[in-house]
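The values are calculated or read from the model by the stated rules, or taken from the named source; none is laboratory data. All values reported here derive from a predicted model rather than from experimental measurement. Glycine also receives a Cβ, built like all others from the backbone with ideal geometry; neighbour counts cover every protein chain displayed.
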Amino acid sequence: MGDSSKASDIHMVQNFIEACLIHYLTKEECMIALYKHANILPVITSTVWNGLEKENKEFFQAYEQSKSKGVRMSKEEMRQLILDISEESSGQNFVEWRIKSNQEQSARGN
């Protein structure tokens, strides 16, 4: 497997993690969900999650603080924080696409 394929795989896992964060999943819940639904080994999800935590300390601190206080960030706050991550790490804005997709589904009543 070439380096570009590995980078693509890591980016795919990152995108899945971002979707998990939007739905307020914990790291452990995300690891289970990605293993169950995308056949991604928990060690891979954990490794990518840990990398995201290192690169985006402020986001994860805010995320953990909101969870520890029993208060969740609003979806808009979460969206903005994740967009900041996405824009810094990639030209493709997966999160924006997911949000638009969810809004369209809501508008259709799904």
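On inspection, Ala19 passes the criterion of being at pLDDT below 90 and among the small types (Gly, Ala, Ser). Being crowded, with 19+ Cβ neighbours inside 10 Å and hydroxyl-bearing (Ser, Thr, Tyr) is the filter here; which residues of segment 1-51 pass it? The one that is crowded, with 19+ Cβ neighbours inside 10 Å and hydroxyl-bearing (Ser, Thr, Tyr): Thr45.
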